[in-house]
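Engineer: Sharing a structure here in structure tokens format.
The values are calculated or read from the model by the stated rules, or taken from the named source; none is laboratory data. Just so you know, these numbers come straight off a predicted model, no measurement behind them. Glycine also receives a Cβ, built like all others from the backbone with ideal geometry; neighbour counts cover every protein chain displayed. The area values use the complete protein model at the heavy-atom level, side chains included, leaving out ligands, DNA and RNA. Shrake-Rupley method; radii C 1.70, N 1.55, O 1.52, S 1.80 Å.
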Amino acid sequence: MYVAVKGGERAIENAHRLLAHERRGDRSVPEVSLDQISNQLSLAVDRVMTEGSLYDRELASLAIKQARGDMIEAIFLLRAFRATLPRFGSSEPIDTAQMQVRRRVSSTFKDMPGGQVLGATFDYTHRLLDPALMGEASPEQPSVVAEAEPGVMPRVTDILGRDGLIEPSPVEDPEHQVGDITRDSLSFPADRDLRLQNLARGDEGYLLALGYSTQRGYGRNHPFAGEIRVGEVSVEFVPEDLGFAVPLGSITLTECQMVNQFKGSDTEAPCFTRGYGLAFGQSERKVMSMALVDRALRARELGEDVKAPAQDEEFVLSHSDNVQSTGFVEHLKLPHYVDFQSELGLLRKLRKEFAEANEAPTPMQEAAE
Amino acid sequence: MTRTRSDDLQAKRQEAMGVLSHCQTAEIARHLDDVAVPDHEQLRAPEDGLVMLRGRIGGDGAPFNLSEATVSRAAVRLGSGEVGFGYVLGRDGAKAQLIALCDALIQSPCYAATIETQVLPPLRARVAAERKRKAEETAATKVDFYTLVRGEG
């Protein structure tokens, strides 16, 4: 239990002043701008938007700057900010088939309509530190294929789905109100819409570890990366005062369709099953991990034994949020004097009883007084 | 007949909003500078808020809440009565205000043609060029993987 403390205002004020000074660093070095962060640390911005659960590049850049690059602190800041704004409503569901694709790869088919485009990727780089970047690098202009049309491509799962080789996505039920963990607290068992919302804002490292655990045999489900795509999608919103869908602009999304081993029964032909991942910006590791965990969490629905941690939805979903996690872990460093005093008193009593029972006082008893 | 005309106007407004939402505020303002904008009042002062963005399970299935985005909105009324709305991603109230103004002007018989011929075409072309440039850069990274047949034994 935490008991409030008072005092220390002056020290706290000075600590924050020192924090601002340390954040600025050596004042002879130019200060980093939000534009620089947004442009040159763009994947950090993508992660903060995804886990901060708010699409706003400028605010995510500000959060990273203010947090001195501490990603979880930045995510915390963004989450706190979103609580200050009113919600106008919900968008129309985004159609990822209409994405202007800037990257799209499949590990299942080498030839598919629209082809495979690598886009800007770390894949196939040698992971050698580049000394050219120690100074000011001026990279070459990208190569172009003149007159290429903006790429709208079918999803790989749509292609597999035509032959019934993969299970269809769950159909929209107009009676079902879309669950929202920002409005109602999570209860178990949780429907897939709630699980995906939870995973979408979940910690990347945590989901990566859980996804990895399924590959190593803890809830194995034989995944293939059916498709990973990155690009811009248009967002539409129907305002109450207008009554028709208004385009709000475009956002960058990464989507992963994981194709997993079969389900089937006496009455249903076997087909591939699927796991799904979706995140802001270019967040490939995140969406792949999310899709692995989404599939693992479908164990109950697919009649699989729930034996591994990644299949245990209460465990997975209760510990995925790094803002919640850090709040509880880090609160341990706040003063717990009263709490500790009561434990100390109890311990002394126990030790006294122990000593009396053994009729030989220990030297530690004096030392603790 | 009326129905067709109002559908037609709605499609025009949506298309214009789509173009404007992809433009910089200064860019829209610059192209509006050449238009003798009539008297208008602010029906709703620019306001920032959130819209919950929804995805679909599996890309094409039942909807789920992904996360929110910041959105700015404004509304404008022309002296002649047309009401325009601006809703746009981000927290740029001035941009929402300009979009609302354009939306009102598009509905005005006196200004629709001016917006359609002077303001929108250069913006539309700039947005399309940007898309095309990205598509051309992307196309250069298209890859043809080939599989190697394993040797006998």
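Engineer: Estimate the FRET efficiency between A:ASP339 and A:GLU175 by the formula 1/(1 + (r/R0)^6), using the beta-carbon distance for r and 51 Å for R0, to the nearest 0.05.
Structural biologist: It comes out at approximately 0.60.
Engineer: For peptide A:264-271, how many partner chain Cβ atoms fall within 10 Å of a residue's Cβ, on average?
Structural biologist: 0
Engineer: Under a point-charge model restricted to the Cβ atoms of Lys and Arg (+1) and Asp and Glu (-1), what is the dipole moment magnitude of the stretch A:9-82 relative to its Cα centre, in debye to the nearest 20?
Structural biologist: 100 debye
Engineer: Based on the Cβ-Cβ distance from B:ALA94 to A:PHE262, what FRET efficiency comes out when R0 is 51 Å, to the nearest 0.05?
Structural biologist: 0.40
Engineer: Which lysines does A:LYS307 reach when only Cα atoms under 24 Å apart count, and residues fewer than 8 places away in its own chain are ignored?
Structural biologist: Filter leaves A:LYS263, A:LYS286.
Engineer: Can I ask one more? For chain B, with a Gaussian network of springs between Cα atoms less than 10 Å apart, report the residue from B:VAL119, B:VAL143, B:VAL35 with the top mean-square fluctuation.
Structural biologist: Greatest mean-square fluctuation among the candidates belongs to B:VAL143.
Engineer: Ignoring chymotrypsin sites (Phe, Trp or Tyr not before Pro) that are buried or in helix or strand per DSSP, and keeping those with at most 11 other beta carbon atoms within 10 Å, what is the longest stretch of chain A between them?
Structural biologist: A:125-369
Engineer: Treating the beta-carbon of each Lys and Arg as +1 and of each Asp and Glu as -1, no other charges, what is the dipole magnitude of the stretch B:2-131 about its Cα centre, to the nearest 20 debye?
Structural biologist: My answer is approximately 300 debye.
Engineer: Looking at the P(r) of the stretch A:46-124, how many percent of alpha-carbon pairs lie beyond 16 Å?
Structural biologist: That tail contains 66 percent of the Cα-Cα pairs.
Engineer: Taking the Cα centre of each part, how many Å lie between the stretch A:143-181 and the stretch A:243-272?
Structural biologist: Computed from Cα coordinates, the inter-centre distance equals 6 Å.
Engineer: Could you compute the FRET efficiency for B:ARG5 and A:LEU85, with r as their C-beta to C-beta distance and R0 at 56 Å, rounded to 0.05?
Structural biologist: 0.90
Engineer: I would also like to ask the following. Counting other Cβ atoms within 10 Å, keep those with at most 14, restrict to DSSP loop, and tell me which trypsin sites (Lys or Arg not before Pro) in the stretch A:269-369 are left.
Structural biologist: The qualifying sites are A:ARG300, A:LYS307.
Engineer: On C-alpha positions alone, give me the angle between the axis of helix A:42-52 and the longest principal axis of chain A, in degrees, nearest 10.
Structural biologist: Relative to chain A, helix A:42-52 is tipped by roughly 70 degrees.
Engineer: Then there's this: Taking the alpha-carbon distance from B:LYS134 and a cut-off under 20 Å, which lysines remain once sequence neighbours fewer than 8 residues away in the same chain are dropped?
Structural biologist: Result set, ordered by chain and number: B:LYS142.
Engineer: Round to a whole angstrom and tell me the spacing of the C-alpha centers of the stretch A:190-228 and the stretch A:273-291.
Structural biologist: One Cα centre to the other: 8 Å.
Engineer: In whole Hz, with x marking every Gly and Pro, tabulate ³J(HN,Hα) for the stretch A:241-255 from phi via Karplus 6.51 cos²θ - 1.76 cosθ + 1.60, θ = phi - 60°.
Structural biologist: 7, 10, x, 9, 6, 9, x, 8, x, 10, 10, 8, 10, 10, 10
Engineer: Follow-up question, since we're still on this one. Looking only at A:ILE37, A:ILE228, A:ILE12, which one moves most when chain A is put into a Gaussian network model with springs between Cα atoms under 10 Å?
Structural biologist: A:ILE12
Engineer: Next question. Write down Rg/Rh for the stretch A:9-82, rounded to two decimals, with Rg from the C-alpha atoms and Rh from the Kirkwood relation over Cα pairs.
Structural biologist: Checking Rg against Rh, the ratio lands at 1.02.
Engineer: Could you derive backbone 3J(HN,Hα) for the stretch A:163-176 from the dihedral phi with the Karplus parameters 6.51, -1.76 and 1.60 (θ = phi - 60°), listing whole Hz in sequence and x where the residue is Gly or Pro?
Structural biologist: These are the phi-based 3J(HN,Hα) values: 9, x, 6, 10, 5, x, 5, x, 7, 5, 9, x, 6, 7 Hz.
Engineer: Here is a follow-up. For the protein assembly as shown, what number results from the quotient of the Cα radius of gyration and 2.2 N^0.38 Å?
Structural biologist: Output field value: 1.17.
Engineer: Rounding to the nearest 10 and keeping the result within 0 to 90°, find how far the Cα-based axis of helix B:93-107 lies from the longest principal axis of chain B.
Structural biologist: Helix B:93-107 sits at roughly 70 degrees to that axis.
Engineer: For B:LYS95, go through the aspartates and glutamates and keep the ones whose alpha-carbon is under 14 Å away, minus same-chain ones fewer than eight residues off.
Structural biologist: Reachable aspartates and glutamates: B:GLU27, B:GLU47, B:ASP48, B:ASP103.
Engineer: Other chains near A:245-255: what is the mean number of their Cβ atoms within 10 Å of each residue's Cβ?
Structural biologist: The shielding value for this peptide is 6.
Engineer: Follow-up question, since we're still on this one. With springs connecting C-alpha atoms under 10 Å apart, model chain B as a Gaussian network and identify which of B:THR138, B:THR25, B:THR70 has the largest mean-square fluctuation.
Structural biologist: The residue with the greatest mean-square fluctuation here is B:THR138.
Engineer: How much net charge surrounds B:MET17 when only the other residues with a Cβ under 10 Å from the Cβ of B:MET17 are counted, with Lys and Arg +1 and Asp and Glu -1?
Structural biologist: -1
Engineer: Still on this model: Can you give the relative contact order of the stretch B:81-128 as a percent, counting alpha carbon pairs under 8 Å and 6+ residues apart?
Structural biologist: 30 percent
Engineer: Considering amide H positions built from the backbone, and no H for Pro or chain starts, which residues 5 or more places from B:LYS142, or on another chain, come under 5 Å of its amide H?
Structural biologist: Those qualifying (amide H under 5 Å, at least 5 residues apart or on another chain) are A:LEU118.
Engineer: Magnitude of the Cβ-charge dipole of the protein assembly as shown, K/R +1 and D/E -1, about the Cα centre, nearest 20 debye?
Structural biologist: Around 580 debye, computed over the protein assembly as shown.
Engineer: Calculate, in nm to one decimal, what A:LYS349 and A:HIS222 gain on full extension: separation in residues at 0.36 nm each, minus their alpha carbon distance.
Structural biologist: 40.1 nm
Engineer: Assuming 1.306 mPa s and 10 °C, estimate D for the stretch A:223-344 with Stokes-Einstein, Rh taken as the Kirkwood radius over Cα pairs, in µm²/s.
Structural biologist: 87 µm²/s
Engineer: May I ask for the net charge around A:PHE272, where only other residues with Cβ less than 12 Å from the Cβ of A:PHE272 are counted and Lys, Arg are +1 while Asp, Glu are -1?
Structural biologist: In short, +1.
Engineer: Considering amide H positions built from the backbone, and no H for Pro or chain starts, which residues 5 or more places from A:TYR55, or on another chain, come under 5 Å of its amide H?
Structural biologist: B:GLU68, B:ALA69, B:THR70
Engineer: Please list, in chain and number order, the residues 5+ apart from A:GLY281 or on another chain whose amide H is under 5 Å from its amide H, with Hs placed from the backbone.
Structural biologist: Amide H to amide H, under 5 Å and 5 or more residues apart or across chains, A:GLY281 pairs with A:THR252, A:LEU253, A:THR254.
Engineer: From the helices alone, meaning DSSP H stretches of at least four residues, give me the mean residue ellipticity at 222 nm for chain B, per-run term -39500 (n - 2.57), in deg cm²/dmol to the nearest 500.
Structural biologist: After summing the helix terms and dividing by the residues of chain B, the value is -14000 deg cm²/dmol.
Engineer: Could you run the numbers on buried accessible area between B and A, total for both chains, 1.4 angstrom probe, in Å² to the nearest 100?
Structural biologist: 6000 Å²
Engineer: Still on this structure: Return the tail of the calculated pair distribution for the stretch B:2-131, meaning the percent of Cα-Cα pairs more than 22 Å apart.
Structural biologist: Counting pairs separated by more than 22 Å, the tail of P(r) holds 41 percent.
Engineer: Taking the Cβ of A:GLN282 as the center, what net charge do the other residues with Cβ under 14 Å away carry, scoring Lys and Arg +1 and Asp and Glu -1?
Structural biologist: With Lys, Arg at +1 and Asp, Glu at -1, the net is +3.
Engineer: Heavy-atom accessible area per residue, the stretch A:89-130, 1.4 Å probe: how many Å²?
Structural biologist: Heavy-atom accessible area per residue stands at 57 Å².
Engineer: Can you give the mean number of other chain Cβ atoms that lie within 10 Å of the Cβ atoms in peptide A:169-176?
Structural biologist: So the per-residue partner count for this stretch is 3.
Engineer: For chain A, give me the percentage of DSSP beta bridges that are antiparallel, rounded to the nearest 5 percent.
Structural biologist: Restricted to chain A, the bridges split so that about 95 percent are antiparallel.
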